[in-house]
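Take a look at the structure below.
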Amino acid sequence: MSDCHSTEKQQLHAALLEKTVTIALAGQPNMGKSTLFNLLTGLNQHVGNWPGKTVEKKEGVFNYQNEKIHLVDLPGTYSLTAHSPEEVIAREYIIREKPDLVIAVVSAANLERSLYLVSELVALSTPLIVALNMMDVARQEGFEVDVHILEAALGVPVVPLVASRAEGVKELLTIASQVISGTLKTQPRKPEISADHIHVQDMVEHLIHGLVPESYPLEWTALKLLEGDTEIARMMQSQLPLERWEMVHQILKEHEDANLAIASGRYEWIERMMHAAVHRPKLGQISVTDRLDRWATHPVWGLVILATVLGLIFWVTFTIGAPLQDWLDGSIVGPLGALAAGWLVNTPFWVRGLFVDGIIGGVGSVLTFLPIIMIFFGAFGLLEDVGYMARAAYVMDNFMHWMGLHGKSFLPLFLGFGCNVPSIMGTRVIESWPARLLTILLAPLVPCAARMAVLAFITPAFFGAQAALVSWGLIMGTLVILILTGVVLNKVLFKGERTAFIMELPLYHIPNFRSALMLVWQRSLAFAKKAGTIILGLSVAVWALSVLPGGDLETSYLARVGNLFAPVGHWMGLDWRLTVALLTSFLAKENSIATLGVLFGSAEGAGLAQTLAATYSPAVALSFLTVSLLFIPCAATVAVVKQETGSWKWAIVNIALMLVLSIGAASGVYALATWIGL
């Protein structure tokens, strides 16, 4: 009996030791929350989606004082009211999962706005710490925040941070440990509803008392009902007896202005905090952000700066990325193929072909994209971190209006330079359904990183020192087609309305290179996984089709498929091999290069790009690149178009639209290039 009791004690002790502390990071967009998350978790993080949602979920672990900390990066949200999936996810996680601590990341340089979320978080029962980030930016902008006074006014610990330089992080973890262990008690000072509505809140609390689900604070639930929160109203309607709900509903109808009383109470609370703890810049003082925005948001110079920034990204890609790509192709992929061919010289031809042409030729060619992928994502990550991306959306507002859209549509479209899938998901920020649908249809016309990698792979071999200029021209041409298509679609299908464009322009600040490197690492890893799964499988399938039934490429099943579509390919100057490569890009845009790697082999003395340059004319290269940039979306993009529109009709319309545009544009480019003698 004693042995059994001892075993139970040991198991209990082991369970206590294994208990993981959970901390949730909350904050509005552009507060530096992701920078802090990356700083703490490093490579020990997982990126996925929240269950049943398309909103990104980031989790990570780190150790502090021999204790394992589970860190959850909640979606960026301005409040905890159910206006968006992000807001619902953030509050439901805090309320239902009950993390040991919530760290609210706010900007010292934008404190008045970022305190609104804190005013809601203090009303919840979960312990709270305020991480006062961007102290350096605040000083730069002329703000002085007295941390001790702010802490006393809020009733929760406030820790000053410069997350981009890891300043204050140790102090933050020390305070977090003390709050979690209970050695540091917090007494948050909550905002109150305006005095003329206090009795209304009391009535609602009285009616729902004892009937609110256990996790939900009574006072918070009553306030959400008065705010008109649909999710909470639905929940309480199912919890309350019919007569009780009708009484609550009657009070809500009689006091529809209660949401203004709640907001007024929060803003008064924020004003008290600001008055007590913040010294603002002197009247007339021009901040660094204001000086830079005179140029970055100028209707003319802003566009010049945007075009220059995009041009610089391409220049850096070709100056650094292209030589690295050539080195990988010539020093690793090519010799590896030759080495494998030597090792397998006495094996059956299909074994040698499978490994040399199918696997190394296909996957190896795609993996040479890695330097280009890393440069693209690193550049765009830094631009977003420094605060420039919002300015790009602002200066593009007029162009968006030509298409019946506004600058808010530019943000999801700009995401498409990374990947069209999150770009289409990002259209949820657009309130107007016609504008959102038009943005969804146009998003696949933005050349994603995979298409630009194909561009960067081929152009140096055909155009040498002019590669960056040719690529820039092709990308600009694609964007012109996007704008013209938007204008036509808007007039033919939609009748778009001009709506006001309101968006936040975050303060400029020094980018966090660690965060940019983390983004590069995550995207590169995802790319490598794709190369090891989808692209590997397709490369093997393409190789098999290229040798069956008799081992001769020209009479293979693949050649038959290519010849079937050859008449359309001939309009664009493409032979059956390039046509087949184009078709295989439907699964993943990188597959076109993988297919060419299989078809042209990898054991030759020259790399694939050089082999292509020796086989085709520059006119054919321009045509192939044009159709590749505009060709039908990849399978994942088609699936998300169907998901976001709720109909296969619009997915098919999108495919048909891009098929017509890509074939038409490539045929025109080929005819023009041939006419001028390329």
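The values are calculated or read from the model by the stated rules, or taken from the named source; none is laboratory data. Keep in mind that this is a model prediction, so the values were computed, not measured. A quick note on method: Cβ atoms are made from the backbone with ideal geometry, for glycine too, and the neighbour counts reach across all protein chains shown.
Worth a mention:
- Residue satisfying all of: in region 226-256; surrounded by fewer than 12 Cβ atoms within 10 Å (Cβ to Cβ) and outside any helix (DSSP H, G or I); nearest to the chain's Cα centre (by Cα) among these: GLU256
- The condition (being among the hydroxyl-bearing types (Ser, Thr, Tyr) and within 16 Å of ALA461 (Cα to Cα)) is satisfied by just one residue among THR645, THR611, THR584, THR579: THR611.
- Strands (runs of 3 or more DSSP E) lying entirely in region 88-164 (those with 2 or more residues that are in the same structural domain as HIS275 (by TED's automatic domain parsing) and of a type in the set (Lys, Arg)): none
- Residue ranges of helices (runs of 4 or more DSSP H) in region 504-603 with at least 3 members surrounded by 15 or more Cβ atoms within 10 Å (Cβ to Cβ) and at pLDDT below 80: 513-532, 534-547, 557-564, 591-600
- Residues that are small (Gly, Ala, Ser) and out of contact with any Phe, Trp or Tyr (no Cβ under 7 Å at 6 or more places or on another chain) within region 457-482 comprise ALA461, GLY464, ALA465, GLY473, GLY477, listed in sequence order.
- The listed residues are ALA461, ALA465, and the only one of them that is assigned to a helix (DSSP H, G or I) and touching a residue at least 24 places away in the same chain (Cβ under 8 Å) turns out to be ALA461.
- Any hit, region 637-659, residues being buried (at least 21 other Cβ atoms within 10 Å of the Cβ), among the hydrophobic types (A, V, I, L, M, F, W, C), outside any helix (DSSP H, G or I) and in contact (Cβ under 8 Å) with a residue 60 or more places away in the chain: no
- The number of residues in region 192-220 that are touching a residue at least 24 places away in the same chain (Cβ under 8 Å), in a loop (DSSP other than H, G, I, E, B) and closer than 23 Å to THR126 by Cα comes to 8.
- Among the residues of region 476-503, those identified as of a type in the set (A, V, I, L, M), at pLDDT 70 or above and surrounded by fewer than 21 Cβ atoms within 10 Å (Cβ to Cβ) are MET476, LEU479, VAL480, ILE481, ILE483, LEU484, VAL487, VAL488, LEU489, VAL492, LEU493.
- Boolean, SER181 is out of contact with any strand residue (DSSP E or B) (no Cβ under 9 Å at 6 or more places or on another chain), farther than 26 Å from TRP269 by Cα, of a type outside the set (Lys, Arg) and modelled with pLDDT under 90: yes
- Pairs, first closer than 19 Å to ASN110 by Cβ in region 252-273, second of a type in the set (Asp, Glu) and part of a helix (DSSP H, G or I), C-beta under 7 Å, six or more apart: ILE270/GLU112
- Figure legend. Inter-residue proximity from region 605-625: first residues closer than 17 Å to TRP675 by Cβ, second residues not in a helix (DSSP H, G or I), beta-carbon distance below 6 Å, spacing 6+ or different chains. Indicated pairs: PRO618/LEU678; ALA619/LEU678; VAL620/GLY573; SER623/MET572; SER623/GLY573.
Residues are listed down the side, and each one gets a yes or a no for (1) touching a residue at least 60 places away in the same chain (Cβ under 8 Å); (2) closer than 30 Å to SER617 by Cα; (3) touching a helix residue (DSSP H, G or I) at 6+ places or on another chain (Cβ under 7 Å):
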{"position": "THR439", "(1), (2), (3)": "no, no, yes"}
{"position": "PRO444", "(1), (2), (3)": "yes, yes, yes"}
{"position": "LEU455", "(1), (2), (3)": "yes, yes, yes"}
{"position": "GLY477", "(1), (2), (3)": "yes, yes, no"}
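- Of the residues making up region 638-658, none is at pLDDT 90 or above, assigned by TED's automatic domain parsing to the domain that holds ARG577 and touching a Lys or Arg at 6+ places or on another chain (Cβ under 6 Å).
- Looking across ALA108, ALA176, ALA104, one residue alone is closer than 28 Å to ILE89 by Cβ, out of contact with any helix residue (DSSP H, G or I) (no Cβ under 9 Å at 6 or more places or on another chain) and crowded, with 20+ Cβ neighbours inside 10 Å. It is ALA176.
- Considering the conditions (1) of a type in the set (A, V, I, L, M); (2) touching a helix residue (DSSP H, G or I) at 6+ places or on another chain (Cβ under 8 Å); (3) surrounded by fewer than 21 Cβ atoms within 10 Å (Cβ to Cβ), ILE95 is excluded by exactly one of them, (2).
- Selected residue (criterion: nearest to LEU474 (Cα to Cα)) from residues of region 604-621 that are surrounded by fewer than 17 Cβ atoms within 10 Å (Cβ to Cβ) and modelled with pLDDT under 75: ALA606
- In this structure, VAL669 does satisfy being buried (at least 20 other Cβ atoms within 10 Å of the Cβ) and among the aliphatic types (A, V, I, L, M).
- Verdict on LEU223 being assigned to a helix (DSSP H, G or I), under 26 Å from SER107 (Cβ atoms) and in the same structural domain as GLN65 (by TED's automatic domain parsing): no
- Any chance ALA621 is over 22 Å from LEU441 (Cβ atoms) and in contact with a Ser or Thr (Cβ under 8 Å, 6 or more places away or on another chain): yes
- Tabulated pairs, region 23-43, first farther than 20 Å from PHE513 by Cβ, second among the hydroxyl-bearing types (Ser, Thr, Tyr), C-beta under 7 angstrom, 6+ apart or interchain: ALA24/TYR93; GLN28/THR77; GLN28/TYR78; GLN28/SER114
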